[in-house]
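Visitor: Dropping the structure in here first, questions after.
The values are calculated or read from the model by the stated rules, or taken from the named source; none is laboratory data. Everything numeric here is computed off the predicted structure, so don't read it as measured data. Reconstructed Cβ throughout: ideal geometry from the backbone, glycine too, with neighbour counts over all protein chains shown.
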Amino acid sequence: MNIDNLSLEQIMGEEIELIPLMNEEDEKKFKKQAIPEVLPILSLKNTVLFPGVVIPITAGRNKSIKLLEEAYKENQIIGVVAQKNAKMDVPEPKDIHEIGTVAKIMKMLKMPDGNTTVILQGVKRFSWIEMLQTEPYFRGTIQKLEDKKPGGKNKEFQAIIDSVKDMALKIVEINPALPSEAGMAINNIESPSFLVNFICSNLNLSIQEKQTLLEFDNLRDRATEVLRLMDVELQKLELKNTIQSKVRQDLDQQQKEYFLYQQMKTIQEELGGSSSETEIEDMRQRSKSKNWSEETRKHFDKEINRLMRLNPQMPEHSIQRNYLEFMLDLPWNEFTKDDFDLKNAQKILDRDHFGLEDIKDRIIEYLAVLKLKGDMKSPIICLYGPPGVGKTSLGKSVAEALGRKYIRMSLGGLHDESEIRGHRKTYIGAMPGRILQSIKKAGSANPVFILDEIDKMGRSNHGDPSSAMLEVLDPEQNNSFYDNYLEQGFDLSKVFFIATANNISDIPMPLRDRMEMINIAGYTIEEKVEIAYKFLLPKQLKEHGLKKTDLSIAKKELEFLVETYTRESGVRNLDQQIAKVVRSIAKKVAMEEEYNKKLNVEAIQEILGPGRINDKYENNDVAGVVTGLAWTRVGGDILFIESILSKAKNGTLSITGNLGTVMKESARIALEYIKSHAEELGINQEVFEKYNVHIHVPEGATPKDGPSAGITMLTSLVSSFTQRKVKANIAMTGEITLRGKVLGVGGIKEKILAAKRANIKEIILSEENRKDIAEIKPDYIKGLKFHYVTEMMDVLQIALLKQKVKGAKVL
């Protein structure tokens, strides 16, 4: 038996009027009807009938149809009970509930499909005691059940009934599936028991829950349980309506954005602009011309299909579009053709740079191998040396010689790894790394890429950029460099990387291991004069709007300018001084004043002022003063080391001059060596106990450190102990050991430049540094005498004079 959800009007048509809702008097008359002790019993599959409630049912089983037809003809009352299992077609007495409702058949209709539809109205609850027959339908003895009601005007029960009615009206109000007439019907119900039964019948409950309500004997308990179930139903409806409201609001917003976008699209097309579909189609056409691998092409197709699914008004749309445009702008496997005219390349390098023969030879060698082989992994060259020697500008000349694009990227102060590898494109404000950004701007996958100041990269909590550079500068890995933004490997193996640095000790060892280190030492005075004459002066004349005939400076005057006003290893400061001279002449030309077009020394001094460089050798007759040679980040320099003895009870060693750990250790080693060889040096052992030794390096505000002042300190101490003065116009550099060995040091060329500026005539070096002198052009070291030593005694023999200082006391 299936319950049809049709209304009474739909079932009865216009043949009868609806049965009016009962008031309390009608309910009393209705319940007083005679109910026999034996009734035919009808089992319902999926509904529960409550007293006073009218429901339509459709009977499909033969037993049920026969029962209804006979009862309707005889105007009998029947018993209605619910099945325990709705899926059972032929139930036994044990399969039906014991408590049901006595019902009156109000109307019976034959339906076109052969089923029988009847209108039942509940009368009173009952329980069947014994089933007398099961065929052709159930018939059994019953016992009537009365509902227990609170006596009199019970305020609590009345409050429960009022709450039930109010909550029922609220459910009708917020449930769009219920008609508004249902609220009017509930308002018109006067009988509390009928109100509770009516709501029990119409609540959205399971069969078991309705059966439980029917089995309550106490009306107050049934009403209380109905109130609880209604509260749950109300909460479900409110939550459902809230969710539907949010969904509807979101849908309305999307529809609004869609209509606005369609209007904007039409306006753009009318104004001659392009819509999102047009842009996407343009991207597809551009992608066809890209020389991508199959993997990259599939990735692009996947990402552009994702762009098509995005609403153009969403922030993700612009992020995705920027990403695809970056992919299209990158020069995938797009290379410039190399120029293999080696003679022309040599001319370009010689034209732009004076000297630097090793570097030029290395570039020409690379071009030669590339010309013969046709393909070669790009070398990673690191040019290191003091500032202003032309490391960075050399890259431009290399790019011009090769016919490649030129890129320069400064790494000074860079401390964020994402500057190299980029950000994840899902982040707001995400950008690709500067490596790929620079490649995109160049429009070529094989440019000359200058990584400037690679020794000045820092590290922070944002990562270590020097670690990210390992993949960039490794020829075995950079053929598929992974950028976080691109999410694809990009080939950097054809890029000609040239790194520059001032101090290679600041470069991490793993990174240094991946590069070919080439030292660019400072320029000699002769080289600076040639650079100033051939390059700097003509450049400054052009930049200041002067002709070559407006000013000329001879090499002799340029040499004076170099020696008097510059001391660096490079030529940057020299360029500034020449610019100052040219500006002064430009002013005279602009004001139409008379001047001498050929500058002499006096004119240079008048423009630049008194000479500021004061590092000439200071010859004196004081024992303990020795001239050493030092390397600094701006080139070579001379270093005066002084020592003095003073009487004391217990001899101690004091060191001043803002010296680092290495130089302090060199001083202690020198003193211990002297103590152990005092007899050979002619020094009385008692001197070490009766005199304090003080070593000082002037310019105490300047920090000094390095392993090159060992022999200088040794010579200074021996000179003080023996009171033998040091030979005039001599300087030295080298490290010492406790065994008396003299070790080689670095920065020889820069130190030689400093020696020549100071008018030094003789230089003491370790035998290990002989090869460094051999690399310097003979013209640049003309007038210098070199002494190569291996033992400390050799240093003392060369540097110290035999006689003592005049007037010196015997220690």
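Residue-wise test of (1) out of contact with any Leu (no Cβ under 9 Å at 6 or more places or on another chain); (2) modelled with pLDDT under 85; (3) not in a loop (DSSP other than H, G, I, E, B).
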position	(1), (2), (3)
E618	yes, yes, no
D621	yes, yes, no
G628	no, no, yes
W631	yes, yes, yes
I638	no, yes, yes
E642	yes, no, yes
L645	no, no, yes
N650	yes, yes, no
S654	yes, no, yes
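Visitor: State whether the residues of segment 64-86 include one that is among the charged types (D, E, K, R), touching a residue at least 24 places away in the same chain (Cβ under 8 Å) and buried (at least 17 other Cβ atoms within 10 Å of the Cβ).
Guide: So far as segment 64-86 goes, no, none of its residues is among the charged types (D, E, K, R), touching a residue at least 24 places away in the same chain (Cβ under 8 Å) and buried (at least 17 other Cβ atoms within 10 Å of the Cβ).
Visitor: Would you check which residues across segment 466-504 are over 25 Å from the mean Cα position of the chain (by Cα) and without any contact (Cβ under 8 Å) to a residue 12 or more places away in the chain and list them?
Guide: Result: E476, single match.
Visitor: Still on this structure, please answer the following. Kindly provide the set of residues from segment 729-760 that are within 20 Å of E568 (Cα to Cα) and surrounded by fewer than 19 Cβ atoms within 10 Å (Cβ to Cβ), ordered by number.
Guide: Across segment 729-760, the qualifying residues are G746, N759.
Visitor: Restricting to segment 664-698, name every residue that is farther than 13 Å from V718 by Cβ and either among the basic types (K, R) or not assigned by TED's automatic domain parsing to the domain that holds E735 (or both).
Guide: K664, R668, K690
Visitor: Tell me the residue from L492, L541 that is out of contact with any Asp or Glu (no Cβ under 6 Å at 6 or more places or on another chain), surrounded by 15 or more Cβ atoms within 10 Å (Cβ to Cβ) and in a loop (DSSP other than H, G, I, E, B), please.
Guide: L492
Visitor: Residue by residue through segment 410-453, note down the ones that are aliphatic (A, V, I, L, M), touching a Phe, Trp or Tyr at 6+ places or on another chain (Cβ under 9 Å) and assigned to a helix (DSSP H, G or I).
Guide: Scanning segment 410-453 gives I435, L436, I439, A442.
Visitor: Go through segment 587-604 residue by residue and tally those that are in contact (Cβ under 8 Å) with a residue 24 or more places away in the chain and surrounded by fewer than 19 Cβ atoms within 10 Å (Cβ to Cβ).
Guide: Qualifying residue count, segment 587-604: 5.
Visitor: Go through segment 196-226 and give me each residue that's under 58 Å from the mean Cα position of the chain (by Cα) and either modelled with pLDDT of 85 or more or surrounded by 13 or more Cβ atoms within 10 Å (Cβ to Cβ) (or both).
Guide: Hits for segment 196-226 are L203, L205, S206.
Visitor: Kindly establish whether F335 is more than 30 Å from D506 (Cα to Cα), at pLDDT 85 or above and either assigned by TED's automatic domain parsing to the domain that holds R286 or among the hydrophobic types (A, V, I, L, M, F, W, C) (or both).
Guide: Judged against the criteria, F335 is a match.
Visitor: Checking the condition among the polar types (S, T, N, Q) and either more than 30 Å from Q437 (Cα to Cα) or modelled with pLDDT of 85 or more (or both), which residue from S493, S505, S480, S552 passes?
Guide: So the residue among S493, S505, S480, S552 that is among the polar types (S, T, N, Q) and either more than 30 Å from Q437 (Cα to Cα) or modelled with pLDDT of 85 or more (or both) is S552.
Visitor: Between I764, I773, which is of a type in the set (V, I, T) and either outside any helix (DSSP H, G or I) or at pLDDT 90 or above (or both)?
Guide: I764
Visitor: OK, next. Part of a helix (DSSP H, G or I) and either of a type outside the set (F, W, Y) or under 30 Å from L227 (Cα atoms) (or both): which single residue out of A82, A103, A86, A159 fits that description?
Guide: It is A159.
Visitor: Would you mind finding the one in K148, K155, K110 that is charged (D, E, K, R), in contact (Cβ under 8 Å) with a residue 40 or more places away in the chain and on the phi < 0 side of the Ramachandran plot?
Guide: K148
Visitor: Determine the pairs where a residue that is farther than 18 Å from V81 by Cα and assigned by TED's automatic domain parsing to the domain that holds L67, located within segment 27-48, has a partner that is at pLDDT below 85 and part of a strand (DSSP E or B) with Cβ atoms under 6 Å apart, the partner being 6 or more residues away or on another chain.
Guide: Correct list of pairs: empty, since none qualify.
Visitor: Find the residue count for segment 503-525, including only residues that are surrounded by 19 or more Cβ atoms within 10 Å (Cβ to Cβ), in contact with a strand residue (DSSP E or B) (Cβ under 8 Å, 6 or more places away or on another chain) and not basic (K, R).
Guide: 4
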